[in-house]
Amino acid sequence: QFGAGLGGIGLNVVQGARIAGADMIVGVDVNPARRDIAQRLGATHFIDAAEAGAELVPQLLALTRGGGDVVFESVGSVRVMRQAFESCRAGWGTCVILGLEHGTEEMSFRPVMVRYGRTIKGSYFGGVKGRTQLPRLVDWYMDGKLRVDELITHVMPLERINTAFELMASGASIRSVVTFD
């Protein structure tokens, strides 16, 4: 399994794969500084997408010996969505789209990608049923199985909320907590 984009959502995909017992968890991001936290949360491999450039999909296919069983996209770029889909294993690979695309963008792919058994799907709130499944996630957090505190990179007062948005937009933060004093 691997995920493209190691922000707050992508890093939680890494944790979910770890908790689910995935043997290989490949984190992909254009920011090499995300490698360390991804590995602390469970990634077994990291690929710098900016460095890989046009060779990203071939590198992923080689590393996984044919593609990922489950590939998660959490960037919101239709180009990255297609790369994630192309990185799925033929026959049974599933691509899960998590990122929010811009405006009315559309993604295209060759029909053979589906005909050869790949699946593409979306996920809303990770498929968690709030009333019945959210308490389990809270228990996992309290037990240390699900690590949330490590995702908080900045804490600031409400007066600096614009700074929090700037840090998020630039990729300099994973999650900022805004306090109301």
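What you get for the stretch 101-147, charging only the Cβ of Lys and Arg (+1) and of Asp and Glu (-1), is a dipole of about 280 debye around the Cα centre. A helix-only calculation puts the chain at -10500 deg cm²/dmol for mean residue ellipticity at 222 nm, using -39500 (n - 2.57) for each DSSP H run of at least four residues, averaged over all residues.
With protein chains left intact and a 1.4 Å probe, residues in the stretch 1-96 average 41 Å² of accessible area per residue. A Förster distance of 41 Å, applied to the separation of the beta-carbon atoms of LYS121 and GLU51, puts the FRET efficiency at 0.90. Modelled spin labels at VAL112 and LEU63, positioned 7 Å past Cα toward Cβ, are 2.5 nm from each other.
May I ask for the longest run of the chain untouched by trypsin sites (Lys or Arg not before Pro) that are loop-located per DSSP and have at most 11 neighbouring C-beta atoms (other than their own) within 10 Å? Of all site-free stretches, the longest is 1-64.
Measuring nothing but protein heavy atoms, the accessible surface of the chain at 1.4 Å probe radius is 56 percent carbon and sulfur.
For the pair ASP139 and GLU166, label points projected 7 Å from Cα toward Cβ lie 4.4 nm apart. Modelled label positions at ALA90 and HIS102, each set 7 Å beyond Cα in the direction of Cβ, lie 3.4 nm from each other. Within the chain, what's the longest stretch lacking chymotrypsin sites (Phe, Trp or Tyr not before Pro) that sit in DSSP loops with no more than 15 other Cβ atoms inside 10 Å? That would be 1-91.
Rounded, prolate or oblate: which fits the stretch 1-66 when a ≥ b ≥ c are the square roots of the eigenvalues of the alpha-carbon gyration tensor, with rounded for a/c under 1.5 and prolate only if a/b beats b/c? It is oblate, given that a/c is not under 1.5 and a/b is not larger than b/c. For the stretch 113-130, the Karplus equation 6.51 cos²θ - 1.76 cosθ + 1.60, evaluated at θ = phi - 60°, returns couplings of 4, 7, 4, 8, x, 7, 10, 10, 8, x, 8, 10, 6, x, x, 7, 8, x Hz by residue, with Gly and Pro reported as x.
The values are calculated or read from the model by the stated rules, or taken from the named source; none is laboratory data. Keep in mind it's a predicted model, so treat the numbers as computed, not measured. Note that each Cβ is placed from the backbone with ideal geometry, even for glycine, and that neighbours are counted across all protein chains shown. For the accessible areas, the whole protein counts, side chains as well, though only heavy atoms, and no ligand, DNA or RNA atoms are used. Shrake-Rupley method; radii C 1.70, N 1.55, O 1.52, S 1.80 Å.
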